[in-house]
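Peer 1: Quick one: the structure is below, questions incoming.
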Amino acid sequence: MTSDRLAHLSLARAVVDRDAMHRGDAEWLRRAWAADSSRVVRVHDGHVAVVGDPPRLDLDVRPDVDEQQRFFLGVDGGIAYFAAVVDDAEPETFQGLRAVGAVLDAREAGLVVHAVSLANWHATHTHCPRCGGPTRPDAAGHVRRCELDGSEHYPRTDPAVIMSVVDVEDRLLLGRQATWERGRFSTLAGFVEPGESLEAAVRREVGEEVGVRLGSVRYLGSQPWPFPSSLMLGFRGEARSTELTLHDGEIAEARWFTRPEILDAIRSGELRVAPTISIARRLIEHWFGGELPTNVNPP
Ligand SMILES: [Zn+2]
């Protein structure tokens with residue numbers, strides 16, 4: 001598997017043209033919203049409206065919301081896509097990205113992460129960080145503007161690094177977070193700190209969590225992860241040491257795996273790796289060189 005394949009497989013695929021040029025055109029947006037062909041991702045509390053089994057996005061309902069509650073997502077094949085934040089939702093028709101991400105196609109997954117990321121941001125940025133005044137959505141949901149001082153505020157994305165760490169014997173390092181159940185392992189990850197490069201963040205996190213020193217660090221691909229607003233940046237780091245020292249308490253257990261060991265551990269149910277929609281799974285499979293089996297009977 002190449003890094004191109006990693007990028008292709010990740011949730012980062014954006015097939016809908018975001019068409020940012022039209023975000024400031026109120027008349028065009030009104031006509032697009034009213035058009036019969038337009039489609040709407042309804043969002044409620046981080047969940048999206050779905051229909052059917054396996055679920056697909058339910059895009060056919062035009063909810064009765066005002067302009068402040070709808071965001072323009074873009075255009076695909078002449079069809080305009082919007083997101084709308086709705087107050088009332090039947091719980092069984094709304095599902096989270098974790099539940100439906102693996103079964104949605106690339107276009108739908110891209111719409112969902114865009115819609116949910118914007119909705120999360122609007123829900124938590126109702127006031128101006130400069131003066132404390134109320135802010136209101138602008139630019140079809142891609143800006144919030146302060147009603148008192150007019151300042152513009154943009155959707156927030158928090159960069160996080162996630163990395164496969166591979167030693168000179170080509171073994172992969174996986175860790176179990178202290179809050180995870182036994183048997184669940186994944187790649188290490190952490191947030192980028194202010195003023196820090198991505199590569200430095202990779203080295204720091206690996207050093208803090210397991211005490212391993214890294215040589216070269218190489219970027220592989222990214223994935224938006226709207227829980228609530230992360231962008232996961234995937235790397236591969238070459239380990240220059242193999243002794244594991246768990247420093248900061250975040251990682252409860254860490255292990256080096258050969259390819260046969262990881263296969264055996266998954267097949268026996270001893271090991272559970274990240275779900276197929278996650279970049280963690282893609283990083284592990286990138287090292288492995290192909291798709292890994294999924295536990296039939298998880299521990
Ligand atoms: Zn203000």
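The values are calculated or read from the model by the stated rules, or taken from the named source; none is laboratory data. Please read all numbers here as calculations on a predicted model, not as lab measurements. We place every Cβ from the backbone using ideal geometry, glycine too, and count neighbours over all the protein chains shown. Quick note on the areas: whole protein, heavy atoms, side chains included, nothing else; ligands and nucleic acids left out. Shrake-Rupley method; radii C 1.70, N 1.55, O 1.52, S 1.80 Å.
Peer 1: Go through the stretch 216-246 and give me each residue that's among the hydrophobic types (A, V, I, L, M, F, W, C) and farther than 30 Å from residue 45 by Cβ. If you could, list the steps in order and put the result at the bottom.
Peer 2: The first filter runs over the stretch 216-246 and keeps only residues among the hydrophobic types (A, V, I, L, M, F, W, C), leaving 217, 220, 225, 227, 231-233, 235, 239, 244, 246.
Correct list: 217, 220, 235, 239, 244, 246.
Peer 1: One residue is enough: does the stretch 28-40 have a residue meeting the conditions in a loop (DSSP other than H, G, I, E, B), of a type in the set (A, V, I, L, M) and open to solvent by 50 Å² or more (accessible area, probe 1.4 Å)? Please lay out each step first, then the result.
Peer 2: Step one: of the stretch 28-40, the residues in a loop (DSSP other than H, G, I, E, B) are 35-38.
Applying the additional criterion that residues be of a type in the set (A, V, I, L, M) yields 35.
Applying the additional criterion that residues be open to solvent by 50 Å² or more (accessible area, probe 1.4 Å) yields none.
No, every residue in the stretch 28-40 fails to be in a loop (DSSP other than H, G, I, E, B), of a type in the set (A, V, I, L, M) and open to solvent by 50 Å² or more (accessible area, probe 1.4 Å).
Peer 1: Could you check the stretch 147-173 and list, in sequence order, the residues that are open to solvent by 20 Å² or more (accessible area, probe 1.4 Å), within 16 Å of the ligand (Cβ to nearest atom) and among the hydroxyl-bearing types (Ser, Thr, Tyr)? Talk me through it step by step, then tell me what you get.
Peer 2: Taking the stretch 147-173 and keeping what is open to solvent by 20 Å² or more (accessible area, probe 1.4 Å), we get 147-150, 152-159, 168-171.
Keeping just the survivors that are within 16 Å of the ligand (Cβ to nearest atom) gives 147-150, 152-154.
Passing the criteria: only 154.
Peer 1: If the requirement is being open to solvent by less than 80 Å² (accessible area, probe 1.4 Å), aliphatic (A, V, I, L, M) and in a loop (DSSP other than H, G, I, E, B), which of these qualifies: 61, 75, 48?
Peer 2: Working: 75 fails: in a loop (DSSP other than H, G, I, E, B); 48 fails: in a loop (DSSP other than H, G, I, E, B).
So the residue among 61, 75, 48 that is open to solvent by less than 80 Å² (accessible area, probe 1.4 Å), aliphatic (A, V, I, L, M) and in a loop (DSSP other than H, G, I, E, B) is 61.
Peer 1: So, one more: If I ask for residues that are on the phi > 0 side of the Ramachandran plot and hydrophobic (A, V, I, L, M, F, W, C), which ones from the stretch 139-186 would you list?
Peer 2: From the stretch 139-186, those on the phi > 0 side of the Ramachandran plot are 139-141, 150, 170, 183; that's our starting set.
Hits for the stretch 139-186 are 139, 140.
Peer 1: In the stretch 125-146, which residues are out of contact with any Phe, Trp or Tyr (no Cβ under 9 Å at 6 or more places or on another chain) and either more than 10 Å from the ligand (Cβ to nearest atom) or closer than 12 Å to residue 68 by Cβ (or both)?
Peer 2: Answer for the stretch 125-146, where residues must be out of contact with any Phe, Trp or Tyr (no Cβ under 9 Å at 6 or more places or on another chain) and either more than 10 Å from the ligand (Cβ to nearest atom) or closer than 12 Å to residue 68 by Cβ (or both): 125, 126, 134, 135, 136, 138, 145.
Peer 1: Taking the stretch 203-228, which residues are open to solvent by 20 Å² or more (accessible area, probe 1.4 Å) and assigned to a loop (DSSP other than H, G, I, E, B)?
Peer 2: Correct list: 211, 213, 227, 228.
Peer 1: Ok, one more. I need every pair where a residue in the stretch 32-47 that is within 18 Å of residue 109 (Cβ to Cβ) has its Cβ under 7 Å from the Cβ of a residue that is of a type in the set (D, E, K, R), sequence separation at least 6 or different chains.
Peer 2: 40/62
Peer 1: Another question, then. Please verify whether residue 283 is under 28 Å from residue 117 (Cβ atoms), crowded, with 19+ Cβ neighbours inside 10 Å and modelled with pLDDT of 95 or more, treating the condition exactly as stated.
Peer 2: Working: under 28 Å from residue 117 (Cβ atoms): yes; crowded, with 19+ Cβ neighbours inside 10 Å: yes; modelled with pLDDT of 95 or more: yes.
So residue 283 fits the description; yes.
Peer 1: Residue check: is residue 128 open to solvent by less than 10 Å² (accessible area, probe 1.4 Å), in contact with a Gly (Cβ under 8 Å, 6 or more places away or on another chain), farther than 30 Å from residue 247 by Cβ and not aromatic (Phe, Trp, Tyr)?
Peer 2: Details: open to solvent by less than 10 Å² (accessible area, probe 1.4 Å): yes; in contact with a Gly (Cβ under 8 Å, 6 or more places away or on another chain): no; farther than 30 Å from residue 247 by Cβ: yes; not aromatic (Phe, Trp, Tyr): yes.
Answer is no for this residue.
Peer 1: Restricting the first residue to the stretch 104-133 and requiring it to be charged (D, E, K, R), which pairs with a second residue that is loosely packed, with under 13 Cβ neighbours inside 10 Å meet a Cβ separation below 8 Å and a spacing of at least six or different chains?
Peer 2: Going by the 8 Å Cβ cut-off, the qualifying pairs are 130/149.
Okay, residues lined up against (1) more than 21 Å from the chain's Cα centre (by Cα); (2) over 13 Å from residue 238 (Cα atoms):
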site: 170; (1), (2): yes, no
site: 173; (1), (2): yes, no
site: 188; (1), (2): no, yes
site: 204; (1), (2): yes, yes
site: 210; (1), (2): yes, yes
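Peer 1: Give the number of residues within the stretch 179-202 that are surrounded by fewer than 19 Cβ atoms within 10 Å (Cβ to Cβ), of a type in the set (A, V, I, L, M) and touching a residue at least 24 places away in the same chain (Cβ under 8 Å).
Peer 2: Let us first name the residues in the stretch 179-202 that are surrounded by fewer than 19 Cβ atoms within 10 Å (Cβ to Cβ), namely 179-184, 190-191, 193-200.
From what's left, of a type in the set (A, V, I, L, M): 198, 200.
So of that shortlist, the ones also touching a residue at least 24 places away in the same chain (Cβ under 8 Å) come out as 198.
Of the residues in that region, 1 qualify.
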